[in-house]
1. Go through the range 143-178 and give me each residue that's of a type in the set (K, R) and at pLDDT 95 or above.
2. Looking only at the range 160-172, which residues are surrounded by 15 or more Cβ atoms within 10 Å (Cβ to Cβ) and either hydrophobic (A, V, I, L, M, F, W, C) or over 12 Å from the mean Cα position of the chain (by Cα) (or both)?
3. For the range 32-141, which fully contained helices (runs of 4 or more DSSP H) count at least 2 residues that are under 15 Å from the mean Cα position of the chain (by Cα) and touching a residue at least 60 places away in the same chain (Cβ under 8 Å)?
4. Can you find a residue in the range 171-187 that is within 12 Å of T30 (Cβ to Cβ) and basic (K, R)?
5. Within the range 141-158, work out how many residues are crowded, with 23+ Cβ neighbours inside 10 Å and either in contact with a His (Cβ under 6 Å, 6 or more places away or on another chain) or acidic (D, E) (or both).
Amino acid sequence: MKKAVLILIAAMAALMLVFSAFNVFVLTKTDKYILSAPELDKAKYDCILVLGAGIKDAETPSDMLRDRLTTAIGLYKLGYSKTLLLSGDRSGDHYDEVAVMKKVCLENGIPEEAIICDGKGYSTYESMDNTRNAGEYKRIIIVTQEYHLSRAVYIAREMGFDAHGICADVRSYRGQLVRDVRECFARMKDVVKVM
């Protein structure tokens with residue numbers, strides 16, 4: 001019985017070590033690519049990629065999504081790119097993140113011809129894969145919250161993008177601890193996925 005407990009403890013310790021190693025790897029590998037706006041090269045990005053983050057209803061983005069959009073719109077207006085690529089979940093008539101994202105952009109003065117929509121961005125990985133398959137974007141700015149930024153930039157760079165990340169945190173978000181824990185597992189999953 002004692003031996004079984006020791007084996008279980010050793011296995012759990014090894015698992016935690018692997019889990020931590022994956023997370024440290026992603027965070028350290030992407031750190032130099034997460035910048036503030038003044039560190040970016042103006043007008044040298046093919047697009048500003050905004051990742052979906054949920055909607056409250058058919059008209060209203062979640063707080064996180066609104067902050068991502070506000071950040072991206074600011075970058076667009078400062079001339080960092082001529083294209084906003086909105087990637088989110090358009091899974092039916094009653095749930096269309098991309099339509100809400102586009103509406104916010106239009107309301108904030110972004111011309112329709114500058115907006116590209118990807119309604120099949122069901123996950124961070126799929127958003128990056130869809131962007132890669134579009135074929136015309138090589139140098140991109142990714143806009144999302146800090147907890148999510150390292151993984152998004154890691155996936156993008158592993159897929160061959162010259163990607164930089166911009167943090168869209170402008171407030172505290174309810175439920176952040178749960179997102180932080182989930183993100184640790186997601187980093188490990190996506191490192192394996194892009195190998």
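The values are calculated or read from the model by the stated rules, or taken from the named source; none is laboratory data. These figures come from a predicted structure and were not determined experimentally. No Cβ is skipped: glycine too gets one built from the backbone with ideal geometry, and neighbour counts run over all protein chains shown.
1. Let us first name the residues in the range 143-178 that are of a type in the set (K, R), namely 151, 157, 171, 174.
Within the range 143-178, R151, R157 meet the criteria.
2. F161, A163, I166, C167, A168, D169
3. Working: elements: 63-77, 97-107, 124-134.
The helices (runs of 4 or more DSSP H) meeting that bar are 63-77, 124-134.
4. Looking through the range 171-187, at least one residue is within 12 Å of T30 (Cβ to Cβ) and basic (K, R).
5. Residues that pass the stated criteria total 1.
Residue-by-condition table, conditions (1) out of contact with any strand residue (DSSP E or B) (no Cβ under 6 Å at 6 or more places or on another chain); (2) modelled with pLDDT of 85 or more:
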residue: L17; (1), (2): yes, no
residue: A21; (1), (2): yes, no
residue: V26; (1), (2): yes, yes
residue: K32; (1), (2): yes, yes
residue: L35; (1), (2): no, yes
residue: C47; (1), (2): no, yes
residue: P61; (1), (2): no, yes
